[in-house]
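Scroll down for the structure; my scribbles are underneath it.
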Amino acid sequence: MKVIVAGGSLGGLFAGIVAKSQGHSVHILERHTSARVRGSGAGIVLGKSIREFLSRFSPNHQLETVTSDGHFFLDRAGTIIRTIEKHQETTSWDQLYLIARETFDGGEVESKYLEGHTVTKADVRIEDDKIEVSYTDADRILKREEVDLLLGADGAFSALRRSLLEDVAPSYAGYVAWRGIVVEDEIAPTIFDLCLNKLVFYNSPGCQMVVYVVPGEEGKRYVNWVWYCDSEENSLPSPELMTGNDGSVHRVTLQAGQVRPEVWDSQKNFAQEVLPPQFYEIVQSTHRPFVQAIWDVISPQNFFHEGKVILIGDALAGLRPHTGAGTEQAAFHSLILENLLNESASPEEFIRLTMEHSQYIQSIGVQIGEKIGLGARREDNAFRTDRQAQLF
């Protein structure tokens, strides 16, 4: 069977690995270069499905992790006011991506990871029971190809989903996530120790920041942080914020190195006004921040044309990062996809399990944002740290 995967981030790689493990010829089409796909060292909390996926498909790869024993909550003065015992492990997005690439690229089954290739639509040709996929290659030449299975893993703004369901579109949640990393020896030892082996939170009305340590390069560890702030203009992310150094305006992510100096200086000044002192120092010490606008989207279905076209990961449900479940969702979908492809799960079971999982996690992320009071349009939001802690 010939398979094309639209999207080459972790969701597309996981799906491609599964399809390849079943002996199918797989081509992954990724619109960016691998350098652009990389996650700037951003952190990931390992969930059950990620662990199971790695043990199934990458047993010989050693993923570095940092253990966390609980959630710690700070007040504005930087004092720990509450703790919740919770064992978790964190890693970096980049490390997981590299393991997934090595797993997909290895082996004897024919496979290709094609950068600069963008899927634009899928046309069904009933007469020969094939899917015709249209895409542009790295030279921006439009091409068409017949395949037996098309897997859509091209993110919350999935072009493939749009070609299937024109009325399903992301809606802006009214806030953004500032993100960054600081190498351990570039921060005060007392601040690094505060963040080591724990997830540290600061919550206030319309604001949340989460900090934890992840493995980095060359044996170093990184202090990884996410800071959610309201940012809206006419129901869209502020163009002032999302305009890069080159003048281009971004709707989802402003990559590391693209944040304009004057915007970053303003954000650092704001950090000093509203964050605990330890968190301000972390923000102040960050050299290459990036910004992610928060959008909500969930498709009413993920199974099309008798299973010849399937949406997985963020293409099915774009999750708010509060849940830390975007990569977990991709791994879960791919494990269920394996059962579908080897016929140990029926199409009905695949649809039920994947849709129920995504609907639940997507709703949890929305609840967390609303309970914190994030989203400039949500005037009735109530700030409740206890409820937020239970949902995370």
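The values are calculated or read from the model by the stated rules, or taken from the named source; none is laboratory data. Note that the structure is predicted; figures quoted are calculated from it, not measured. Neighbour counts are summed over all protein chains in view; Cβ atoms, including those assigned to glycine, are modelled from backbone coordinates with ideal geometry. SASA here: full protein model, heavy atoms, side chains in, ligands and nucleic acids out. Shrake-Rupley method; radii C 1.70, N 1.55, O 1.52, S 1.80 Å.
Restricted to region 1-107, the set of helices (runs of 4 or more DSSP H) holding at least 2 residues that are β-branched (Val, Ile, Thr) and more than 14 Å from the chain's Cα centre (by Cα) comprises 10-21, 93-105.
I need the full set of residues from region 157-171 which are under 19 Å from VAL252 (Cα atoms) and of a type in the set (A, V, I, L, M), in order please. Those that are under 19 Å from VAL252 (Cα atoms) and of a type in the set (A, V, I, L, M): ALA159, LEU160, VAL168, ALA169. Report yes if ALA156 is in contact (Cβ under 8 Å) with a residue 24 or more places away in the chain, open to solvent by less than 30 Å² (accessible area, probe 1.4 Å) and assigned to a loop (DSSP other than H, G, I, E, B), otherwise no. So ALA156 passes the test.
Find all pairs meeting these conditions: Cβ atoms under 7 angstrom apart; at least six residues apart or on different chains; first residue within region 328-356 and in the same structural domain as GLY23 (by the TED database); second residue in a helix (DSSP H, G or I) and of a type in the set (D, E, K, R). Between residues of region 328-356 that are in the same structural domain as GLY23 (by the TED database) and residues that are in a helix (DSSP H, G or I) and of a type in the set (D, E, K, R), the close pairs are LEU335/GLU52.
Which residue is modelled with the highest pLDDT, if the candidates are limited to region 243-262 and must be within 24 Å of the chain's Cα centre (by Cα), of a type outside the set (S, T, N, Q) and over 20 Å from TRP295 (Cα atoms)?
Of region 243-262, the ones within 24 Å of the chain's Cα centre (by Cα) are 243-245, 248-260.
Retained after the next criterion (residues that are of a type outside the set (S, T, N, Q)): 244, 249-252, 254, 256-257, 259-260.
Next, from what is left, pick out any that are over 20 Å from TRP295 (Cα atoms): 257, 260.
Numbers: GLY257: 90, ARG260: 96.
The residue in question is ARG260.
Among the residues examined, SER358 qualifies as at pLDDT 95 or above and in contact with a strand residue (DSSP E or B) (Cβ under 8 Å, 6 or more places away or on another chain). Against the conditions (1) in contact with a helix residue (DSSP H, G or I) (Cβ under 8 Å, 6 or more places away or on another chain); (2) surrounded by fewer than 18 Cβ atoms within 10 Å (Cβ to Cβ); (3) in the same structural domain as GLU356 (by the TED database), LYS308 satisfies every one except (1).
Among residues of region 165-179 that are in contact (Cβ under 8 Å) with a residue 60 or more places away in the chain and β-branched (Val, Ile, Thr), those with a Cβ under 8 angstrom from a residue that is part of a loop (DSSP other than H, G, I, E, B) and crowded, with 24+ Cβ neighbours inside 10 Å, sequence gap 6+ or separate chain, pair up as VAL176/PRO237. Whenever a residue of region 123-144 is open to solvent by less than 50 Å² (accessible area, probe 1.4 Å), its partners that are assigned to a loop (DSSP other than H, G, I, E, B), lying with C-beta atoms within less than 6 angstrom and at least six residues away or across chains, give the pairs ILE131/LYS308; TYR135/HIS117; ASP137/HIS117.
Out of all the residues in region 316-334, is one or more in contact with an Asp or Glu (Cβ under 6 Å, 6 or more places away or on another chain), assigned to a helix (DSSP H, G or I) and at pLDDT 95 or above? I'd like the intermediate steps shown before the answer.
Of all residues in region 316-334, those in contact with an Asp or Glu (Cβ under 6 Å, 6 or more places away or on another chain) come to none.
For region 316-334, residues in contact with an Asp or Glu (Cβ under 6 Å, 6 or more places away or on another chain), assigned to a helix (DSSP H, G or I) and at pLDDT 95 or above: absent.
Anything in region 368-382 that is open to solvent by less than 10 Å² (accessible area, probe 1.4 Å) and at pLDDT below 50? List them, or say none.
Going through region 368-382, the residues open to solvent by less than 10 Å² (accessible area, probe 1.4 Å) turn out to be 368-369, 372, 374-375.
Within region 368-382, no residue meets the criteria.
Of all the residues that make up region 108-122, how many are open to solvent by less than 40 Å² (accessible area, probe 1.4 Å) and either over 21 Å from the mean Cα position of the chain (by Cα) or outside the structural domain of ASP148 (by the TED database) (or both)? Step through it out loud before you land on a result.
First, the residues of region 108-122 that are open to solvent by less than 40 Å² (accessible area, probe 1.4 Å): 111, 113, 116-117, 119, 122.
Keeping just the survivors that are either over 21 Å from the mean Cα position of the chain (by Cα) or outside the structural domain of ASP148 (by the TED database) (or both) gives 111, 122.
Total satisfying the criteria: 2.
In this structure, does ASP167 turn out to be buried (at least 16 other Cβ atoms within 10 Å of the Cβ), not in a strand (DSSP E or B) and not aliphatic (A, V, I, L, M)? No. Does LEU151 meet the test of being open to solvent by less than 20 Å² (accessible area, probe 1.4 Å) and either more than 30 Å from GLU281 (Cβ to Cβ) or more than 20 Å from the chain's Cα centre (by Cα) (or both)? So LEU151 passes the test.
Would you mind stating whether ILE282 is of a type in the set (A, V, I, L, M, F, W, C), part of a helix (DSSP H, G or I) and either surrounded by 19 or more Cβ atoms within 10 Å (Cβ to Cβ) or touching a residue at least 24 places away in the same chain (Cβ under 8 Å) (or both)?
Numbers: of a type in the set (A, V, I, L, M, F, W, C): yes; part of a helix (DSSP H, G or I): yes; either surrounded by 19 or more Cβ atoms within 10 Å (Cβ to Cβ) or touching a residue at least 24 places away in the same chain (Cβ under 8 Å) (or both): yes.
Yes: the conditions hold for ILE282.
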